1. Need the failing condition index for P101 against (1) open to solvent by 30 Å² or more (accessible area, probe 1.4 Å); (2) modelled with pLDDT under 90; (3) of a type outside the set (S, T, Y), just the number.
2. Working only within the range 188-215, note down all residues that are open to solvent by less than 40 Å² (accessible area, probe 1.4 Å) and assigned to a loop (DSSP other than H, G, I, E, B).
3. Checking V185 against (1) open to solvent by 10 Å² or more (accessible area, probe 1.4 Å); (2) closer than 29 Å to G430 by Cβ; (3) more than 17 Å from the chain's Cα centre (by Cα), only one condition comes out false. Which one?
4. Where in the range 374-455 are there strands (runs of 3 or more DSSP E), lying fully within it, with 2 or more residues that are in contact with a Lys or Arg (Cβ under 7 Å, 6 or more places away or on another chain)?
5. Determine whether R237 is without any contact (Cβ under 8 Å) to a residue 40 or more places away in the chain and closer than 13 Å to L202 by Cβ.
6. Which pairs do you get when a residue that is farther than 13 Å from G232 by Cα and among the hydrophobic types (A, V, I, L, M, F, W, C), found in the range 183-197, comes within reach of a residue that is assigned to a helix (DSSP H, G or I) and open to solvent by less than 10 Å² (accessible area, probe 1.4 Å), reach meaning Cβ atoms under 9 angstrom, with the pair 6+ apart or on two chains?
7. Mind checking whether some residue in the range 449-457 is within 28 Å of R328 (Cα to Cα) and either modelled with pLDDT under 85 or not basic (K, R) (or both)?
Amino acid sequence: MSTTSVSRTYDIRTYGCQMNVHDSERLSGMLEDAGYVRAAKDHDPDVVVFNTCAVRENADNRLYGNLGRLRPAKQEHPGMQIAVGGCLAQKDRSEIVRRAPWVDVVFGTHNLGSLPTLLERARHNEEAEVEILESLETFPSTLPARRESAYSGWVSVSVGCNNTCTFCIVPALRGKEKDRRPGDVLAEVQALADEGVLEVTLLGQNVNAYGVEFGDRLAFGKLLRSCGEINGLERVRFTSPHPRDFTDDVIEAMAETPNVCHQLHMPLQSGSDRVLKAMRRSYRSDRYLNILRKVREAMPDASITTDLIVGFPGETEEDFEATLDVVRQARFSTAFTFQYSKRPGTPAAELPGQLPKEVVQERYERLVAVQNEMSWELNKQLVGHDVELLVAEGEGRKDVETRRLSGRARDGRLVHFHPGGAIDREIRPGDIVHTRITRGAPHHLVADGELTAHRRTTAGDRWEEGRKPKTSGVSLGLPSFGAPAAEPATEQGCGC
């Protein structure tokens, strides 16, 4: 790969799920290997990359609105380039250049590694470069990555999805499931742990179907247990599993492996068996609730979250009431709730019974109210409980005015805590603290008492020094460190 001048700067703007966030880490790593540097916040970048999502209905409008706002900056900045990648690029292809002819590069989900070359080619030819591959060019985890956190990292176990859910466009854009070999996954986890990273999240569109390519139905449970043998790795999470593929051995691995967190995010989508059938979700509500029962028998402290879709075509009031009933039985700590979005190219877009917006909105508000009440009730039950927190960066929007810090409990709950009474010196993101919950709110917990313990960590040291891992691909060496950057926001809802 040829290099570009080190004076060229870049900025990546990420939309959508954790997969996209992790892909953006890869894009950053490749650009920096090609000689680019991340743009300072107060400077216009030479290259702006949009890593897009196509799951939500307003994804197209959001992208073209942002491209339109960037056009004057490009006109005033000779040599500036704009690239569009991700799921929406895979879907719209040359349509992006037709609607926004000032875009220089369009690339898809299967050829992340082409970005530096496409940018150079577009500069040389002075015309837009569009390259969309129909199948995976190289597994993303073999590409370099500029990690966005000193203490927490994403590790892909697979890409793509073999499911055929009628509402979902992801399989058409990400392709069929491709699994990494277990040794490659564990090598990447080990490389991160060796550099002080305390927590990893294993990623896949259908993470517990892992092993389908090499014929081992129990591969994911084995992978969790193997993560338990990695020195220095304190927390392991995963997202998102599919109820169809959820096996008892995964529950046993979660319960028996000390560093695997008792947290489960498992999309339900609907509590109506009739709607689940129309969605081509290959389980029914009884199967789903039975998995939750087994999880809680093995791990009574487990926090369970989900995704829900309101207003799927043909959903009746009876169907919606069935969803409310399952939500009450499931007792989710949090639910990511979405109004059905009609996505061209999906079977559901052609189904009869598309519901009026006002009906969907009214049901959505009722479901959110029920879940908020449940979340608040469960959080209030935790008052007086001791918790271990991994101190986080940027999680508490009101931390400055409340003089609190924020962290994540082992079950994934967000806790805003008072830093008084620290046993060691100043608390940094990446450190571990212990405290006691004093108040429960619907979407977070508060701990305003004195800390009972504070452990300074290598991750905290790295954060304080402004050093975050930059991996060269697990087959190419262990992480090095780069300059700090703001952490991107993520959303659930793209898993199966």
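1. Result: P101 fails condition (2) only.
2. Those that are open to solvent by less than 40 Å² (accessible area, probe 1.4 Å) and assigned to a loop (DSSP other than H, G, I, E, B): E195, G196, V197, L198, G204, Q205, N206, Y210, G211.
3. If we test V185 against (1) open to solvent by 10 Å² or more (accessible area, probe 1.4 Å); (2) closer than 29 Å to G430 by Cβ; (3) more than 17 Å from the chain's Cα centre (by Cα), just (1) comes out false.
4. Because the criterion is at least 2 residues that are in contact with a Lys or Arg (Cβ under 7 Å, 6 or more places away or on another chain), the strands (runs of 3 or more DSSP E) in the range 374-455 that meet it are 386-391, 414-417, 445-447.
5. Against the criterion (without any contact (Cβ under 8 Å) to a residue 40 or more places away in the chain and closer than 13 Å to L202 by Cβ), R237 does not qualify.
6. V185/S141; V185/L223; V185/C227; L186/L223; L186/C227
7. No, that holds for no residue.
A quick yes/no check of all residues on (1) modelled with pLDDT under 90; (2) of a type outside the set (F, W, Y); (3) under 23 Å from T239 (Cα atoms):
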{"site": "T14", "(1), (2), (3)": "yes, yes, yes"}
{"site": "A34", "(1), (2), (3)": "yes, yes, no"}
{"site": "A40", "(1), (2), (3)": "yes, yes, no"}
{"site": "V47", "(1), (2), (3)": "no, yes, no"}
{"site": "R56", "(1), (2), (3)": "yes, yes, yes"}
{"site": "A59", "(1), (2), (3)": "yes, yes, yes"}
{"site": "S94", "(1), (2), (3)": "yes, yes, no"}
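The values are calculated or read from the model by the stated rules, or taken from the named source; none is laboratory data. None of the values given here were measured: they were computed from a predicted structure. Every residue, glycine among them, receives a Cβ derived from its backbone with ideal geometry; neighbour counts consider all protein chains shown. For accessibility, only protein heavy atoms count, side chains too; no ligands or nucleic acids. Shrake-Rupley method; radii C 1.70, N 1.55, O 1.52, S 1.80 Å.
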